[in-house]
Amino acid sequence: MTEIKLTVNGVTHSDEVEPRLLLIHYLRETLGLRAANVGCDTTSCGACTVLLDGESVKSCTVLAVQANDRSVTTAEGLVAEDGTMSVVQRAFRENHGLQCGFCTPGMVMAATSLLEENPHPTEQEVREGLEGNFCRCTGYHNIVASVLAAADTLAGPGSSVGPTSAEVTA
């Protein structure tokens, strides 16, 4: 067993874990955080995407010990203490950026990271930025529209960042 200490959604956790325990399993089984989903275990689908020190990573291929002394944010961690969803989460809801919902937490986390790196993405940059996340329902049109809407909101009133949701092509 190996002792790890990490901050998850602003709360510090210390646990002893098997050195081969994946971060996704630590989050789901040890901490009871269920937003990140186990989809493929091969980094192909992105359903397990979380932020590790602010960077988007697929937690199915990160060992929990690799997160030692680091900060992890899951989709649960984007919600404010008063229950208010983040701008990206609200944009996904308002623009129907989800269907079955399985990929949604990973998409939201990837989009959050993308908008941190590039607050004014074009439609093409959004599509490229989400390439590692797979939606089996093929809801990409509304997912892209959601990310662009979040970018517009983050840019402030009267600002237009890229095309509006209605202008996004499928």
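Ranked highest first by average number of other Cβ atoms within 10 Å, how do 100-112, 55-67 line up?
Descending mean neighbour count gives 100-112, 55-67.
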Could you report the accessible area of T7 in Å², rounded to 10, computed with a 1.4 Å probe on the protein chains as they sit in the structure? 40 Å²
Counting only heavy atoms of protein chains, what accessible area per residue, in Å², does the stretch 3-141 have with a probe of 1.4 Å? 50 Å²
Taking a label point 7 Å from the Cα of T2 along the Cα→Cβ vector, which residues of the stretch 34-53 have an amide N closer than 12 Å to it? none
Using the Cα centre as the reference, give the magnitude of the dipole from point charges on the C-beta atoms of the stretch 1-154 (Lys, Arg: +1; Asp, Glu: -1; all else neutral), rounded to the nearest 20 debye. 420 debye
Theoretical ellipticity at 222 nm over the chain - DSSP helices of four or more residues, -39500 (n - 2.57) apiece, nearest 500: -8000 deg cm²/dmol
Give the residue from A150, T42, L22 lying farthest towards the positive end of the charge dipole for the stretch 1-157; charges sit on Cβ (+1 for Lys and Arg, -1 for Asp and Glu) and the dipole is referred to the Cα centre. T42
With every protein chain in place, the stretch 36-129: carbon and sulfur % of accessible area (1.4 Å): 48 percent
Note on the chain: helices (DSSP H) long enough, at least 20 Å by alpha carbon along their axis, and hydrophobic enough, mean Kyte-Doolittle at least -0.5, are 140-155
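The values are calculated or read from the model by the stated rules, or taken from the named source; none is laboratory data. What you are looking at is a predicted structure, and each value in this text was computed from that prediction instead of being measured. Backbone-built Cβ (ideal geometry, glycine too); neighbour counts: all protein chains shown. Note: accessible area is taken over every heavy atom of the protein model, side chains too, but ligands, DNA and RNA are not part of it. Shrake-Rupley method; radii C 1.70, N 1.55, O 1.52, S 1.80 Å.
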